[in-house]
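These notes are about the structure you will find just below.
Coordinate-derived values only; no laboratory data. These numbers come from a predicted model, not from an experiment. Cβ: placed from backbone, ideal geometry, glycine included. Neighbour counts: every protein chain shown.
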């Protein structure tokens, strides 16, 4: 082993700043995808559990298709396939759409499991005290289900963030694409990817800590009420 | 640009063998790493446990694509490139090892503690206790989640295409470059993946249901 590590070049401001820029884009893209996935998933899971028959079947099919095909194919379909049927998205738009489409499918299953873990008695009780269907769902079932969902949602969102590295293949603006740019300029791929490895690991630790905090902050108080 | 012919679709369908071969090799490699990680993770020695935890954390906390790149370019450390084939196989195995290790740890810990104590009091050492008493029972618990993980593994092999390994996706890209029919080509590719993954998903679900039923009794 006579490889000489040279991190100096990558830590120079011109290169390191690009990695930081990539990191902030990864954070923004993932955060946006997480919020949108959760929103879509709540609607999707409601339709899946209590919507009309055709909607239930449609959502079930969507979830199965997304979960049984690779994310890479999904992003190719959206970035290269959709323009041929007249829907053109730029790289960043395609990346976000792909991440939300993919994230929603997994999140729907998590939300559904969360909702189904809340017993029917809760819904009946809510209706008995005069709440309407939507109100009982929003005020009684959802808050309790959210508590059950939080841990799997946390791991799912971290996976979504890590998967965002794949959108670099259509050169969307994020950390992995920044890394590819830096390594092609410095000719130090191994060193570049080691630094990026550390950054991603830091991001997932940070997300994990954030979800633990949310858990403490949102649910510790609720229990004392 | 040329038109898409029937033999092109055939080319695509035959490229699936590389996806399947890579999946199988990565599963074998990952299984080897996974069993070691699972045993370390359930060891009595705190240091060994910490080692396994660190391994799992690192591989589950960073993108697989990056792990593949690190293996690919890490070959330079040894003075020779590993090439797409070896790096994809090695990277996927190391990654799968972390996930399988965590799954199998759960299975090992799912075996009632009394079983280990009974084996020990019969005078069995660590090896026979694990090999003859714990692992055979853990196997039953492990099958459903392992089959479920296979779906992930098959999907993960698609990332090897980014290293230049010609499997299903890369074959689709090559075909698309020549014919420019992305919608048709990539939906065929997606369909092929679905045909491989969906039965595995269903099998995993059925196995899980059967296990749950067995434990209810």
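The long axis of helix B:135-156 is offset from the longest Cα principal axis of chain B by roughly 20 degrees. One way to sum up the overall shape of the protein assembly as shown is the equivalent ellipsoid from its Cα gyration tensor, whose semi-axes run 35, 31, 25 Å, largest first. Treating each Cα of region B:100-190 as an identical point scatterer and summing with the Debye formula, the log10 of I(q)/I(0) at q = 0.11, 0.22 Å⁻¹ comes to -0.53, -1.00.
Over all pairs of different C-alpha atoms, region A:67-187 has a mean inverse distance whose reciprocal, the Kirkwood radius, equals 17.0 Å. Gaussian network model of chain A, Cα springs within a sub-10 Å range: biggest mean-square fluctuation belongs to which of A:130, A:114, A:44? Checking each option, the largest mean-square fluctuation is seen for A:130.
When both region A:137-162 and region A:63-134 are represented by their alpha-carbon centers, they are found 13 Å apart. How would you classify region B:8-67 from its alpha-carbon gyration tensor, with a ≥ b ≥ c the square roots of the eigenvalues: rounded for a/c under 1.5, else prolate if a/b is greater than b/c, otherwise oblate? Oblate, since a/c reaches 1.5 and b/c is not below a/b.
The modelled label-to-label distance between residue B:10 and residue A:90, using points 7 Å beyond Cα along the C-beta direction, is 4.4 nm.
Taking 0.36 nm per residue of separation and subtracting the current Cα-Cα distance, fully stretching the chain between residue B:180 and residue B:137 would add 10.2 nm.
For region A:8-224, dividing the convex hull volume of the Cα atoms by the residue count gives 135 Å³ per residue.
Cβ-to-Cβ counts within 10 Å put B:117, B:102, A:64 in ascending order as B:117, A:64, B:102, the fewest first. If R0 equals 41 Å, the separation of the Cβ atoms of residue B:3 and residue A:20 corresponds to a calculated FRET efficiency of about 0.30.
The angle between the Cα long axis of helix A:189-224 and the main principal axis of chain A comes to about 20°, on a 0 to 90 degree scale.
Taking only DSSP H segments of four or more residues, each worth -39500 (n - 2.57), what value at 222 nm results for chain B once the sum is divided by all its residues, to the nearest 500 deg cm²/dmol? Result for chain B: -27500 deg cm²/dmol, rounded to the nearest 500. Normalised radius of gyration (Cα atoms, divided by 2.2 N^0.38 Å) for region B:6-216: 1.20. Mean per-residue shielding of peptide B:187-198 is 4, counting Cβ atoms of other chains within 10 Å of each Cβ.
Residue ranges A:184-195, B:126-137 sort as A:184-195, B:126-137 when ordered by packing (mean number of other C-beta atoms within 10 Å per residue, highest first).
Relative to the longest principal Cα axis of chain B, at what angle does helix B:168-179 sit, 0 to 90 degrees, rounded to 10? Taking Cα atoms only, the helix is inclined about 10 degrees. The relative contact order of chain A comes to 30 percent, based on Cα pairs under 8 Å that sit 6 or more residues apart. Taking 7 Å steps out from each Cα toward its Cβ at residue A:62 and residue B:58 produces label points 4.0 nm apart.
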